[in-house]
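What follows is one structure encoded as structure tokens, with my remarks underneath.
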Amino acid sequence: MLRDPYGRPLKSIRISVTQRCNLKCFYCHLEGEDPSWKDEMTPNEIQKIVSIAASFGIGRVKLTGGEPLLRKDIVEIVEKIRNVPGVEEVSMTTNGTLLSKYAYDLKKAGLTRVNVSLDTLVKEKYRQITGADTFDSVVSGILEARNAGLNPVKINMVLLKGLNEDELFEMIDFARENDVILQIIEFESPYENEMYRKYHVGLDAIEELLAKMSERITIREMHHRKRYHLRGGGEVEVVRPMHNTEFCRYCNRIRLTSNGRLKPCLFRNDNLIDIVGPLRKGATDDELKKLFLEAVKRRKPYFE
Ligand code: SAM
């Protein structure tokens, strides 16, 4: 098992397949990418880089973006990744707007599970957050993903002060009724800027409440996040990255940007390693492995 200089094992890779998106969520961290990066990797390039990661025992792959389903070749990308020896799981985070169209094909191609971003059940607030009128298609996407057998389907809800923090119970009911897991995510930002101060809300009170509502609490390996198993059914996961040393301590992933850079941390862009450039120039597997190891060497907990 590959470990970084802080002893953290590497188990997963989070790949952005495009920066293009059909929504404009005002709080989006763009997966820490610079919006000026326009280049995208081909399915074969993504497959090759995943095979390098898998050769070090990294078996879990998460696809993100931008909006991954805007890639016309997304099904091919999933299939190619799934065919890499050593890959055990391919998952995706999507805004869900195009999911009903793709759910069955993605499942057939080998996608295991999916996270769908949905911050609110109120259409007007959805429009305010995303700038779009696609609420109904997201809900259809969630249902279709579940019908297609993607398991689990999770809803990603970023908690935003004054906007959706009052919707916790409605979201729990919605998730429970539709047999999906609710994942509540703390608004994260590398800078405590005006937007952060306006919308960031701590999750202490919500966790206290969830603990009271739960029959048991389990801890997930990745980031040591808690999963609350609610009395009467339903599960809620809580993701708390900000100033959370435990979140970083139990981070086991490396990132790959949409333009083919290995990225050791969401919040930093000063330590990237270009891997697709050398690949395009004919680098051997050994050379690519060295680049991969260099990126792992650069991993450092952001909140120490
Ligand atoms: N377009 C896809 C989607 O909506 O899931 C994938 C990209 S999006 C950047 C991935 C996830 O990051 C979404 O669940 C989104 O809500 C979350 N996210 C974006 N900006 C965030 C922020 N500032 N704090 C916390 N989560 C954020």
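Brief remarks follow.
- R0 of 51 Å, Cβ-Cβ distance Asp270-Asn147: FRET efficiency to nearest 0.05: 0.70
- What separates the Cα centres of segment 22-36 and segment 229-304 is a distance of 17 Å.
- Computed across segment 115-273, the Kirkwood hydrodynamic radius from all distinct Cα-Cα pairs reaches 17.1 Å.
- Met222 accessible area, assembled protein chains, probe 1.4 Å, Å²: 20
- Segment 59-168, Rg to Rh (Cα coordinates; Rh as Kirkwood inverse mean 1/r): 1.00
- Put a plus charge on the Cβ of each Lys and Arg, a minus charge on the Cβ of each Asp and Glu, and nothing anywhere else: the dipole of the chain about its Cα centre is then about 880 debye.
- Rolling a 1.4 Å probe across all protein chains gives Tyr6 an accessible area of roughly 100 Å².
- Full extension of the chain segment joining Arg220 with Glu165 gains 17.4 nm, where the gain is 0.36 nm per residue of separation less the Cα-Cα distance.
- Full extension of the segment from Asp73 to Lys125, taken as 0.36 nm per residue of separation minus the current Cα-Cα distance, would add 15.5 nm.
- Computed log₁₀ I(q)/I(0) - Debye formula, equal Cα scatterers, no solvent, the chain, q 0.07, 0.12 Å⁻¹: -0.25, -0.79
- Here Met213 and Asp133 are evaluated by their C-beta separation; at R0 = 30 Å the FRET efficiency comes out at 0.35.
- For Val276, the shell of other residues with beta-carbons less than 11 Å away shows a net charge of 0, using +1 for Lys and Arg and -1 for Asp and Glu.
- Surrounding net charge for Asp133, when Lys and Arg each add one and Asp and Glu each subtract one, Cβ distance under 12 Å: 0
- Glu287, Glu294, ranked by accessible area, largest first (probe 1.4 Å): Glu287, Glu294
The values are calculated or read from the model by the stated rules, or taken from the named source; none is laboratory data. None of the values given here were measured: they were computed from a predicted structure. Note that each Cβ is placed from the backbone with ideal geometry, even for glycine, and that neighbours are counted across all protein chains shown. With ligands, DNA and RNA removed, areas are computed over all heavy atoms of the protein, side chains included. Shrake-Rupley method; radii C 1.70, N 1.55, O 1.52, S 1.80 Å.
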